[in-house]
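Q: Let me give you the structure first, and then I'll get to my questions.
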Amino acid sequence: MEDVSIDAPLIGESHDNHMGPTTSELHPASSGILLTQGEVGRGDYPPIKTYRDVVNIWWTESRKLWLIAGPIAFNICCTYGINSLTNIFVGHIGDIELSAVAIALSVFGSFVFGFLLGMGSALETLCGQAYGAGQIQMLGIYTQRSWLILFGTCFALLPVYLNATPILIFLGQEPRIAELAGKFTIQCIPQMFSCAINFPTQKFLQSQSKVGVTACIGFLALIIHVGLLYLFIVVLGWGTSGAAWAYNGSAWGVAVAQAVYMMVWCRDAWDGFSWLAFKDLWPFLRLSVASAVMTCLEVWYFMSLIVLTGKLEDPIISIGSLSICVNLTGWEGMLFLGINIAISVRVSNELGSGHPRAAKFSVMVTIAQSLMIGILFMCVIMLTKNHFAAIFTESKDMQRAVSRLAYLVAITMVLNSVQPIISGYLDWYDLWNYLADYHPCSHGS
C-alpha cells in the first residue's frame, strides 16, 4: 500500500497559497457527446431566429442528454428493480407478507437509503473537482474516506434496524405487520452495509463517465436477483426470509463487482489503500451530512405516507395497495433521477465552458421532454388501471383498492416528471455558488 502525497484540499478549506482550480479545470471543455457543429469555433449556440434552429437544437440537445442519461437511468432502474421484484415475489405469498415487506423496504429501507445516498453524494463534488483538476489519484483517497464515514454511519443506524418492530408498534402499525416487518428488516442488515461500499464506488466511476460499467453490473445483478428470488421463495419455500437473503446477496454482488472493477481496471485513479484516507475526516463528514439533508427530505416523504396509511381502517389492504402505487411511481422516479444527473452534467459542463445559451437550451429541452414522458406514463396508468395490480398480487380486494388509487397515481406521474429536473438544475446552481465562495478565481471574468 503506497501513500499518495498530493496537495488536494477539500472543497471548503481555504489556503492562502491555494487559489483553487479554474473553471475550465473544474469543467473541462467537452468532447464528443457534448460538442455540436454550431459550437465549433464559436463556442456557444447562436440566438434562435428560425423554426429550423429550434428543430436543430432540439435534436442536438436530445442526443447529448440521452447519451448521458440513458446508461445512468438504466443502472438506477436495475438497482430499483431489485426492490420492486422483491415486493412482487413476496406479494404472491400473501397480503400480510406484502404489507410487511413493503413497510420494511419503504420505511426503514428508504430511511437508510436516503441518508447513505445523500452522504455518498458528497463524493460527486470532490471527485469532480479532483478529476477536473487532473489530480486523478485523489479519487481513490476520497472514495476510501467516504467508505469510512458510511460504514460508521451504518453502525450508528444499526439500532433503528434492531428495534424495527417496537418502532412500528409505537407508530401505530398493526401488530402482525409490525412483527413480520421487523423480522425482515433485521434480516436485511447486511444489505445496509453493502450501501457503504456501493454508493462511494458508484460515484467514483460516474465521475470518470464510466457509466456503461455500472449499467452492466446493475443489469446482471437484476437477472441474478430474479433467479435467487425464484430459488429461495418458490423452490425452497423460505418465504420472506428467502426474499431477505436474495436481497442481501444481490446488493453485495453489486458492491463487490464495482469495487473489484475500480481496483483492477482503474489503476490510474486507484493507487491502493492509503493512510491519507484518515486525514481531514471531519470536514469530509460535514460536507457529507450537508449533502444528505435534501436527499433525505425527498426520499423520506414516501416513508411518511406508508406509516400514516397503517393507521387506516384496514391496514393490510391500505399499506399493500399504497405500496404497489409507490412502487410504480418509483420506477418513473428512477428514470427521472437519471435525467436529473444528466442535466446537472450538461449545465455544469456548458456553464463551466462559458456557454450560457447552451446551458439554457439544455434545461428547456430536458424539461419539455420530461413533461412529455410524464404525460405518456399518465396515459398508460389510466389505460391499465384495472389490471396492473395483478403483477404484484392475486388478491382481488387489493387489486380493487389499487384501481381506486390509479387516478392519483396518474397525476403524480406528471407532477414527478418535471420536479426532479428542476431540482437537478438548482442543485448544480447551488454548487456553482458554493465554489464561487471558496474559489473566487473559478469565476474569472
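The values are calculated or read from the model by the stated rules, or taken from the named source; none is laboratory data. Since we're looking at a predicted model, the values are computed, not measured. Backbone-built Cβ (ideal geometry, glycine too); neighbour counts: all protein chains shown. For the accessible areas, the whole protein counts, side chains as well, though only heavy atoms, and no ligand, DNA or RNA atoms are used. Shrake-Rupley method; radii C 1.70, N 1.55, O 1.52, S 1.80 Å.
Q: Going by the alpha-carbon gyration tensor, a ≥ b ≥ c the square roots of its eigenvalues, is region 370-416 rounded (a/c under 1.5) or, if a/c is not under 1.5, prolate (a/b greater than b/c) versus oblate?
A: Because a/c hits 1.5 or more and a/b exceeds b/c, region 370-416 counts as prolate.
Q: Beyond 15 Å, what share of the Cα-Cα pairs of region 117-212 remains, rounded to the nearest whole percent?
A: 65 percent
Q: Right, here's the next one. Starting at 0 and stepping by 5 Å, how many percent of the alpha carbon pairs of region 333-409 end up in each bin?
A: For region 333-409, the pair-distance distribution reads 3, 14, 17, 14, 12, 10, 9, 7, 6, 4, 2, 0.
Q: For region 190-233, with all protein chains present and a 1.4 Å probe, just round the carbon and sulfur fraction of the accessible area to a whole percent.
A: Summing carbon and sulfur atoms, their accessible area is 79 percent of the total for region 190-233.
Q: Using θ = phi - 60° and the Karplus curve 6.51 cos²θ - 1.76 cosθ + 1.60, what whole-Hz ³J(HN,Hα) does each residue of region 379-396 get, with Gly and Pro shown as x?
A: Listing the rounded values in order: 5, 4, 4, 5, 6, 10, 4, 8, 10, 5, 5, 5, 5, 9, 8, 9, 6, 5 Hz.
Q: Based only on the alpha carbon positions, what is the Kirkwood hydrodynamic radius of region 246-296, in angstrom?
A: Over region 246-296, the inverse of the mean reciprocal pair distance is 13.7 Å.
Q: Next question. How large is Rg over Rh for region 126-280, taking Rg from the Cα atoms and Rh as the Kirkwood inverse mean of 1/r across Cα pairs?
A: Ratio value, two decimals: 1.07.
Q: Over the Cα atoms of region 199-264, what Rg and Dmax result, in angstrom?
A: Radius of gyration, then largest Cα-Cα span, for region 199-264: 13.8, 43 Å.
Q: Right, next: Charges on Cβ only, +1 for Lys and Arg, -1 for Asp and Glu, centred on the Cα centroid of region 49-157; of I82, S106, L65, which one is farthest towards the dipole's positive end?
A: Of I82, S106, L65, it is L65.
Q: Given axes a ≥ b ≥ c from the Cα gyration tensor, I'd like to know whether region 89-130 is rounded (a/c under 1.5), prolate (a/b larger than b/c) or oblate.
A: It is prolate, given that a/c is not under 1.5 and a/b is the larger ratio.
Q: Straight distance only, please: which lysines reach the Cα of K183 with their own Cα at less than 26 Å, same-chain residues fewer than 8 apart left out?
A: Reachable lysines: K311.
Q: What order, most packed first, do the peptides 111-123, 222-234 have when packing is the mean number of other Cβ atoms within 10 Å of each residue?
A: 111-123, 222-234
Q: Run the reach check for K49 against lysines, Cα to Cα strictly under 21 Å, same-chain hits fewer than 8 apart removed. What comes back?
A: Counting by Cα, and skipping residues close in sequence, K49 has these lysines nearby: K360.
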